[in-house]
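Readers should treat all values here as calculations from the given coordinates under stated rules, not as data from a laboratory. Keep in mind that what you see is a predicted model, and the values were worked out from it rather than measured. Counting neighbours? That spans all protein chains shown, and the Cβs are built from the backbone with ideal geometry, glycine included.
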Amino acid sequence: MRAPTRAARKAAVLAAVTSLGIGLLAGCADDGGKDSDSPGGSDGKTVVSLGLFGTFGYKEAGLYAEYEKLHPNIKIQENVTQRNENYYPALVNHLTTNAGLMDIQAVEVGNIAEVVNTQADKLEDVSKAPGVKPDTWLDWKWQQATAKDGRTIGLGTDVGPVAICYRKDLFEKAGLPTDPEELAQRWAGDWQKLIEVGKEYKKKAPEGTTFMDSPGGLMDAVLGSEKIRFYDESGKVIYKTNPAVKDSFMKTAQATKDGLVGAQTQFQPDWNTSVANSKFAAIACPPWMLGTLKEHSKPEAKGKWGVAVAPKSGNWGGAFLTVPKSGKNVQEALKLAAWLTAPEQQTKLFKVQGNFPSAPSTYTTPEVLNSKNEMTGDAPVGKVFAEAAKTTPVQVIGPKDQVILSGLNDNGLILMTKGKSPEEAWNTAVKTIDNNLDQ
């Protein structure tokens, strides 16, 4: 599976076939075409190249082989860059110069707004690709890749609907209920209610454990459920004046000060160790997080996790396939991109890789509704994540969302673990972000 990209802190997550996961796409490399020397180019076949980041899972799920069987004149070439922070700058450079682009280029959700706002003229309107209908995708997913002039430049792959994953054994020891529906009712509609549950947990917490894993994990989930965050709908930067942003920051800062969250940064070695040693009881949890938990957990943790609906629906993760106008095989690329992101292929990918579909028609299929995960036992994880995906707001994403989010986390909240006050942490984050935005 692909791991989330979060500015300065990202990690590639290794997915088990049985794990739910969400990945984000990958890389830039050399082009392939009918006359290419790359594999498939010398035997008269048209080579359609994809630039991806991480592991999208298309090859692993057998989708390339299936498409080539359906289209004997096509050879698919995948060019992968492991990490999006290495992939994306190269992609921007290729788009800016309009050269060196693959036939299909992946774009991570955190970068899609910048690509839509600054590079749309270099990319095909994929809404005109064969068989593509906007209502195939979640409305908010389709809108994320749609420019103001109505052109859509990316077809959605997967999404990362957020739930709350929790350790049933630790909750029980702390005197909390373990039934997911009961928990969901206790914190429904308000992230502060979740924090209040955390205060209850702390009263009888098993020694050495915190309620949630990290400051960044909590704040990202809270902000991920807000429609308006860092930019308004006109494209103006408003993170400093948007009450929802500061409120999310202060909620998290206070929870950190009160010792309800662990003093570490997600996906770093100390966080990995806290997973292995069961040092926290709950975590904001898109589907791919279950794969991350499995990767770092000891075998005895299997089956001990539960999944409950989050206080508010939000998204963390996902990607898009775009088709550059300068590609060697534009029409074939449009056909392949449409096929790879069709509901049937999204379902196949989910079964093999765990990438959660962005096509809502899949949410009523047995493959999704009845899906289970070895970390959560018999919990109906597919049903929980599907409901979250359907009710996630159409979020306004700005070109520098990642810069702002990273500043709030890495230059703000992290100071709470070093004894700073919430206001000091906020002011430091704002100063760093404004410097990075040249404001």
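Values computed for the structure shown
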{"quantity": "Taking only Cα atoms of the range 275-330, radius of gyration then Dmax in Å", "calculated": "17.7, 52"}
{"quantity": "When each of LYS203/LYS257; LYS348/LYS372; LYS203/LYS279; LYS294/LYS418; LYS246/LYS312 is checked by Cα-Cα distance, pairs over 19 Å", "calculated": "LYS294/LYS418"}
{"quantity": "For the chain, projected area of the alpha-carbon convex hull averaged over all directions, nm²", "calculated": "19.5 nm²"}
{"quantity": "Charge dipole magnitude, Cβ of K and R +1, D and E -1 - the range 357-439, Cα centre, debye nearest 20", "calculated": "60 debye"}
{"quantity": "Computed over the range 255-349, Kirkwood Rh from alpha-carbon pairs, angstrom", "calculated": "17.0 Å"}
{"quantity": "Tail weight of P(r) past 19 Å, computed on alpha-carbon pairs of the range 158-256, percent", "calculated": "49 percent"}
{"quantity": "Theoretical FRET efficiency, 1/(1+(r/R0)^6), r = Cβ-Cβ of LYS227 and GLU68, R0 51 Å, to 0.05", "calculated": "0.80"}
{"quantity": "Efficiency of FRET from Cβ geometry, THR428 and LYS298, R₀ 25 Å, rounded to 0.05", "calculated": "0.10"}
{"quantity": "Residues TYR87, TYR201, sorted so that the one with the fewest Cβ neighbours within 10 Å comes first", "calculated": "TYR201, TYR87"}
{"quantity": "Residue among PRO357, PRO72, PRO206 with the largest mean-square fluctuation in a Gaussian network model of the chain, springs linking Cα atoms under 10 Å", "calculated": "PRO72"}
{"quantity": "Cα-based equivalent ellipsoid of the range 47-109: semi-axis lengths in Å, sorted from largest, via gyration tensor", "calculated": "23, 15, 7"}
{"quantity": "Sorted by Cβ density within 10 Å, fewest first, the residues LYS431, LYS204", "calculated": "LYS204, LYS431"}
